[in-house]
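Student: The structure follows.
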Amino acid sequence: MDLRGETPEHPLPALIWRPMAPADLDGVAGIALIGFPDHFEGRDCFENRLILWPQGCFVLADETDRPLGYLIAYPWRADEAPALNTLIAAIPDDAAVMYLHDLCLHPDARGQGATAAIVERLADQARAQGSPALALVAVNDATGFWARYGFSVRESEVMTAKLAGYGSDARYMIRPL
């Protein structure tokens with residue numbers, strides 16, 4: 001095993017990002033429990049986002065089509081984030097950014113460059129749709145991780161109060177496109 005944590009000893013073959021399908025939701029919910037045990041979101045939350053904005057929902061699948069990761073994103077208001085584990089009725093008419101709701105990889109799929117590929121794909125998609133920025137809430141002390149992909153912390157008194165439910169280390173981050 002590479003002790004630097006850069007690549008697994010036995011890389012998984014043929015990991016590909018593909019559009020998420022309803023059949024993937026159980027796998028996605030299982031991966032979320034592994035990656036975010038302190039930030040629970042149920043299967044119904046993921047299903048809600050897939051129904052509202054399917055073009056922003058992706059699964060990282062192996063050669064057997066088993067989900068090993070996911071990304072969920074959708075247009076949202078700038079300097080806002082939906083509360084954890086809540087259903088939303090619609091994409092807001094005044095959406096101003098592409099909100100990266102969640103990205104999570106199963107431990108078996110980490111360290112193989114999959115994150116860079118999907119973040120850039122999302123950035124290209126958002127740019128093509130006229131979005132000026134990607135936005136997200138970094139949790140689990142992940143600001144350094146997201147900074148590597150061009151995100152920076154955006155301080156806001158309104159967001160600080162809203163992020164209390166995400167944990168004390170949660171930070172709202174933006175990546176201009």
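Student: Round to a whole number: what % of the accessible area of the chain belongs to carbon and sulfur, probe 1.4 Å?
Tutor: Carbon and sulfur together cover 55 percent of it.
Student: Of the candidates PRO19, PRO54, PRO37, which one comes out as most mobile in a Gaussian network treatment of the chain with C-alpha springs shorter than 10 Å?
Tutor: Between PRO19, PRO54, PRO37, it is PRO37 that shows the largest mean-square fluctuation.
Student: Still on this structure, please answer the following. Over 5 Å intervals from 0, what percent of Cα-Cα pairs in the range 50-116 sits in each interval?
Tutor: Calculated P(r), rounded to whole percents: 4, 15, 24, 22, 14, 12, 7, 2, 0.
Student: Here's a follow-up. Report Rg(Cα)/(2.2 N^0.38 Å) for the range 69-154, keeping two decimals.
Tutor: 1.09
Student: Nearest 0.05, what FRET efficiency do ARG110 and GLU157 give at R0 = 41 Å with Cβ-Cβ as r?
Tutor: Result of the calculation: an efficiency of 0.75.
Student: So if I restrict to the alpha-carbon atoms in the range 19-73, what is the Rg, and what is Dmax, the biggest pairwise distance, in Å?
Tutor: Cα radius of gyration and Dmax of the range 19-73 are 10.4, 30 Å respectively.
Student: Turning to a different aspect of this structure: Of VAL28, VAL153, VAL59, which is the most mobile in a GNM of the chain whose springs link Cα atoms less than 10 angstrom apart?
Tutor: VAL153
Student: May I have the extent of the alpha carbons of the range 131-177 along their three principal axes, as whole Å values ordered from largest to smallest?
Tutor: Rounded to whole Å, the extents work out to 27, 20, 13 Å.
Student: Give me the accessible area per residue for the chain, probe 1.4 Å, as a whole number in Å².
Tutor: Dividing the accessible area of the chain by its residue count gives 50 Å².
Student: In terms of modelled amide H atoms, which long-range or inter-chain residues lie less than 5 Å from the amide H of ASP102?
Tutor: The answer is ILE72.
Student: Can you pull the one-decimal nm distance between simple spin-label points at GLN125 and ALA147, each 7 Å off the Cα toward Cβ?
Tutor: Computed distance between label sites GLN125 and ALA147 equals 2.8 nm.
Student: Taking the alpha-carbon set of the range 103-144, what are its Rg and Dmax in Å?
Tutor: 12.2, 35
Student: For the chain, take the alpha-carbon Rg, divide it by the Kirkwood Rh, and send me Rg/Rh.
Tutor: Rg divided by Rh gives 0.94.
The values are calculated or read from the model by the stated rules, or taken from the named source; none is laboratory data. Fair warning: this is a prediction, and the values are worked out from it, not measured in the lab. Using ideal geometry, Cβ is built from the backbone for each residue, glycine included, and neighbour counts are taken over all protein chains shown. To get the accessible areas, we keep the full protein, side chains included, count just its heavy atoms, and leave off ligands, DNA and RNA. Shrake-Rupley method; radii C 1.70, N 1.55, O 1.52, S 1.80 Å.
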